[in-house]
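In what follows, a single structure is set out as structure tokens and then discussed.
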Amino acid sequence: MTLARFLSRHDRVVRLVLTRVRGSSPRNTGTEMYVAPNAQWGTLGGGQLEYRAIQRARQMFDDCEVSATLDIPLGPEIGQCCGGRVEMTLARMGQGDKRDAIARHDAAHAAQPHVYVMGAGHVGRALADLLQHLPVRTIMVDPRADELAQCTAAVETRLTPIPEAEIDRAPPGSAFVVLTHDHALDFLVASSALTRGDAAYVGMIGSATKRIKFRNWCNSQCDGLPIDTLICPIGANGSRDKRPGVIAAFVVAELMAELTSETAVTTPQGDTERSGRDHKRDAGIRRTKI
């Protein structure tokens, strides 16, 4: 359920915001949650912290309070072992507050990083199945209509005979996972992504041997385009299991480690009403420790 729909369905809502975090905490400063008398949207991280916050918000309905604050130590006294301390504000929402909240959420959603899954085969579709639940905008690109039609994930699909053109049009900071049905097309698409120079992640499915062949191809066909930032094989810290779903799980972990290494995501995840980067290079292959 979207935040807009949640707020439209509930007249009485309290907005909770983490205003200060000291030490370890389940969520970061700026995290928001919305509480109605019998439902909530978003999360502060669960546990006793969230339970107490929800109870205090609902007490505001009973006591006709407009605002309140909480200062909660995350220690043994509340059954959490984070060891930090959080402060939060709680405020009843009017119609203007709801409009502002929706505008903030929509802006944050629009600013989500774009992830281009370049290929709608078995692994590409498995990636889309996982990425649809994460705070990214996923675009699956393929020249084959029949393969795109098999994608059932809630992601955008683009049918095009020139996949590299979609890379040229992608916004700065986009991520590209290259796994087309053809090695030659992989090379063309991956080189286009690397040429941009502003991609957050460029990964290509394959092996160490394929990486070497791609490097040689770039030397002869792309004026020596460097491939130091290319991740190939993708999901290299994973297992040797070749099932598409398993490969996709390790690739998504690797990808999200890159996309979230420099920033702390504070936008609440409202799918239901219940609610530092360390690299090392080995034989020319960059691996990411999750």
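Please work out if Gly30 is in contact with a Ser or Thr (Cβ under 6 Å, 6 or more places away or on another chain), in a loop (DSSP other than H, G, I, E, B), surrounded by 13 or more Cβ atoms within 10 Å (Cβ to Cβ) and not assigned by TED's automatic domain parsing to the domain that holds Ala154. I'd like the intermediate steps shown before the answer.
Values: in contact with a Ser or Thr (Cβ under 6 Å, 6 or more places away or on another chain): yes; in a loop (DSSP other than H, G, I, E, B): yes; surrounded by 13 or more Cβ atoms within 10 Å (Cβ to Cβ): yes; not assigned by TED's automatic domain parsing to the domain that holds Ala154: yes.
Judged against the criteria, Gly30 is a match.
Is it the case, given these coordinates, that Glu50 is crowded, with 16+ Cβ neighbours inside 10 Å, out of contact with any strand residue (DSSP E or B) (no Cβ under 6 Å at 6 or more places or on another chain) and farther than 18 Å from Gly96 by Cβ?
Taking the combined requirement at face value, the residue satisfies it.
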Requested in this report: Go through the residues of segment 31-44 one by one and say whether even a single one is among the charged types (D, E, K, R) and modelled with pLDDT of 95 or more.
Outcome: yes
Among the residues in segment 224-237, are any outside any loop (DSSP other than H, G, I, E, B) and either over 20 Å from Cys151 (Cα atoms) or not assigned by TED's automatic domain parsing to the domain that holds Ala120 (or both)?
yes
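The values are calculated or read from the model by the stated rules, or taken from the named source; none is laboratory data. The model shown is predicted, which means the values in this text are computed figures rather than measured ones. All Cβ positions, glycine included, derive from the backbone under ideal geometry; neighbour counts span all protein chains shown.
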